[in-house]
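Reviewing the structure listed below.
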Amino acid sequence: MILRSSLVLMAVAVDVLIDLAGAIKTPTAIRGVAPKDIEFYQPDQSGNWACLGNLEIVIPFSRVNDDYCDCPDGSDEPGTSACANGYFFCKNIGYTAQIIPSTKVNDGICDYDVCCDGSDEWNGLIRCENKCKEMATETSKKEAEMRKAQVAGWRARLKLVSKAKSMRSSLEHELSSTRAQLDNANEQQEKADNQLKVAELRSTTQAAGPSSKDSFAENVLSRLQDYRAAKSAFLKRIEELELRVQATEEILANLKNDYNPNYNDEGVKNAVKAYNQLLEIPIDDTPEYVQFANELSEEKDETLMSSRGVNFDNDTAYYSSLIPSSWIKFFFVKVSELRNFLVQNGLLAERLSSDLESRDVQTAKTELKESKKLVKNVQNKLDKLEKDLYKTFYGQDDVFRALQGECMDVESGDYIYELCFGEKTVQKPKSGSNTNLGAFDRIEGDKLYFTRGAKCWNGPHRSTTIVMECGEKNRLLSVSEPAMCEYLFKITTPAMCTKPSDKIAQNHDEL
Ligand code: MAN
């Protein structure tokens, strides 16, 4: 303590001597004061000085740095530890000047992190050599490395961005070909749909059974019967009319031959005249109705029916054409009963339910099902592509698109932690099963968020926040769990690097 006091006295004496010299009140004269503040440490004409924060307190200037705290703001003791709230200025020449709390002055510890020049320990209690030069060298080496990393990181980022660009463009190609595929698939589905309708119609016309009383075939057959009845009534009527015309013509021919032209009977004369005119009108030997009647032949009916898919050899249509329509149901019930009897007695194979449908219908149904499945798959693919290309944020310049699926890990405590970009974060114990710490959710600024991980016991679902900074490589630096089941990963990635200034870039001659 005695040593300390005498040292302080010596320091004060130095100050006072310099004061007395009068001429040089250099900034160095006041220990612990920054050069820019030295002007505040000048005595007035009477050799007094006022505390900086309390101007009403005036003390003799000789009490500045006398190791006794006079000012409530500690401003009178910038170079000693007398005031607990004061600050000591370390010049750190050659490095960066800094301020240290007064309490650390002459405390016997070299605070190199703040005072690399060791000036905070001036009373000789401990010798702190000046390390500013080597610290400056080390720092500038580190800075150079950082700048180099920044340049390399930026280069790596440029590569990622160009990869992301080509990924996007190939996805856009895929999108347009998928759109074309979807058009085709829709067309195919429409075709298959129409084919099924046709096949079902055919099948309905072919399948006359107890349940197909109103079937197309039955309706056509009944219409044919109507046409046939109309045709015979029509032909009968023609025959009758032909007989009448014949008889009338005979009467008129007799009248023409037998009448007495000398007898002045106007009525007879006019009738003969009209008959002669009638004879002059030409007559078609094969009138149209004869052709029409021939058209209505039964062979033609059969041709027509088979062109609509009705097979006259097919038992259903054949029998239904032979029996009155009111009997059809009864007939098929009997056929079905007979069939069941034969099946039950093992004389006939059981009909599969699919047999109830025609093969054409089955094929058309399968084709329709397949084409619907195709439409659905292609539509899903299209939706995914559109979402990926236009609704998902992959960071500035799409850069994280290029990192999708890339993984990194680090060992921390009892676990290995893994991060896969755009996918998941995982906690892997050295033995036992992995725990899902979240699925990729979003990018926000310099953070990635992974959410909806495995549920925490008695707590929320696990989630991970990734804090990113620029680095040449993707590296998982550290993992912590600031709150239970909420994880914090710190990583470096080139994705976060920004363009270095031209000066830095030139120095590294890299870009
Ligand atoms: C496991 C790990 C831990 C977590 C606890 C919560 O031990 O996933 O990180 O804190 O479960 O119960």
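The values are calculated or read from the model by the stated rules, or taken from the named source; none is laboratory data. Quantities reported herein were computed from a predicted structural model and do not represent experimental measurements. Here the Cβ positions follow ideal geometry from the backbone for every residue, glycine too, while neighbour counts run over all protein chains shown.
Does K141 satisfy being outside any loop (DSSP other than H, G, I, E, B), touching a His at 6+ places or on another chain (Cβ under 9 Å), at pLDDT below 95 and surrounded by fewer than 17 Cβ atoms within 10 Å (Cβ to Cβ)? Even if it seems obvious, please write down each step before you answer.
On the way: outside any loop (DSSP other than H, G, I, E, B): yes; touching a His at 6+ places or on another chain (Cβ under 9 Å): no; at pLDDT below 95: yes; surrounded by fewer than 17 Cβ atoms within 10 Å (Cβ to Cβ): yes.
It is false that K141 is outside any loop (DSSP other than H, G, I, E, B), touching a His at 6+ places or on another chain (Cβ under 9 Å), at pLDDT below 95 and surrounded by fewer than 17 Cβ atoms within 10 Å (Cβ to Cβ).
What number of residues within the range 429-469 satisfy the criterion of being over 27 Å from the mean Cα position of the chain (by Cα) and in contact (Cβ under 8 Å) with a residue 12 or more places away in the chain?
Within the range 429-469, residues that are over 27 Å from the mean Cα position of the chain (by Cα) and in contact (Cβ under 8 Å) with a residue 12 or more places away in the chain number 4.
I'm trying to understand the selection: among the residues of the range 443-456, which are within 10 Å of the ligand (Cβ to nearest atom) and among the hydrophobic types (A, V, I, L, M, F, W, C)?
Correct list: A454, C456.
Among the listed residues L382, L342, which satisfies the condition of being without any contact (Cβ under 8 Å) to a residue 24 or more places away in the chain and either among the hydrophobic types (A, V, I, L, M, F, W, C) or surrounded by 15 or more Cβ atoms within 10 Å (Cβ to Cβ) (or both)?
Details: L382 fails: without any contact (Cβ under 8 Å) to a residue 24 or more places away in the chain.
When all the criteria are applied, what remains is L342.
Is it the case that F440 is buried (at least 19 other Cβ atoms within 10 Å of the Cβ), within 30 Å of W154 (Cα to Cα), more than 16 Å from the ligand (Cβ to nearest atom) and at pLDDT 95 or above?
Numbers: buried (at least 19 other Cβ atoms within 10 Å of the Cβ): yes; within 30 Å of W154 (Cα to Cα): yes; more than 16 Å from the ligand (Cβ to nearest atom): yes; at pLDDT 95 or above: yes.
So F440 passes the test.
Report, by residue number, each residue of the range 358-406 that is part of a helix (DSSP H, G or I) and at positive phi. Spell out the reasoning first.
Going residue by residue through the range 358-406, those that are part of a helix (DSSP H, G or I) are 359-391, 396-403.
Selection gives D397, D398.
Looking only at the range 393-420, filter to residues that are exposed (fewer than 15 other Cβ atoms within 10 Å of the Cβ) and either within 16 Å of the ligand (Cβ to nearest atom) or modelled with pLDDT under 95 (or both); which one of those is nearest to A164 (Cα to Cα)?
Restricting to residues being exposed (fewer than 15 other Cβ atoms within 10 Å of the Cβ) and either within 16 Å of the ligand (Cβ to nearest atom) or modelled with pLDDT under 95 (or both), the top hit is E411.
Mind listing just one residue for me: the one in the range 457-469 that is within 15 Å of the ligand (Cβ to nearest atom) and modelled with pLDDT of 95 or more and, of those, farthest from S412 (Cα to Cα)?
First, pick out the residues of the range 457-469 that are within 15 Å of the ligand (Cβ to nearest atom): 457-465.
With the extra rule that they be modelled with pLDDT of 95 or more, the set shrinks to 461-465.
Values: H461: 21, R462: 17, S463: 17, T464: 15, T465: 16 Å.
Taking the candidates together, the pick is H461.
Just checking, how many residues over the range 423-459 are touching a Ser or Thr at 6+ places or on another chain (Cβ under 9 Å) and part of a loop (DSSP other than H, G, I, E, B)?
3
Can you name the residue in the range 470-501 that is touching a residue at least 24 places away in the same chain (Cβ under 8 Å) and farther than 30 Å from M146 by Cβ and is also farthest from the ligand (Cβ to nearest atom) among such residues?
Per the criteria, the residue is E486.
What are the pairs, 6+ residues apart or on separate chains, where a residue within the range 225-252 that is farther than 27 Å from N270 by Cα and assigned to a helix (DSSP H, G or I) has its Cβ under 7 Å from a residue that is modelled with pLDDT under 85 and not hydroxyl-bearing (S, T, Y)?
Y227/L296; K231/A293; K231/L296; L235/A293
E423: more than 14 Å from the ligand (Cβ to nearest atom), surrounded by 15 or more Cβ atoms within 10 Å (Cβ to Cβ) and at pLDDT below 95, yes or no? Don't jump to the end; show me each part of the working.
Details: more than 14 Å from the ligand (Cβ to nearest atom): yes; surrounded by 15 or more Cβ atoms within 10 Å (Cβ to Cβ): yes; at pLDDT below 95: no.
For E423, the condition - more than 14 Å from the ligand (Cβ to nearest atom), surrounded by 15 or more Cβ atoms within 10 Å (Cβ to Cβ) and at pLDDT below 95 - is not met.
Restricting the search to the range 120-175, which residues are among the β-branched types (V, I, T) and under 30 Å from G94 (Cα atoms)? Please lay out each step first, then the result.
So in the range 120-175, the residues among the β-branched types (V, I, T) come out as 126, 137, 139, 151, 161.
Selection gives I126, T137, T139, V151.
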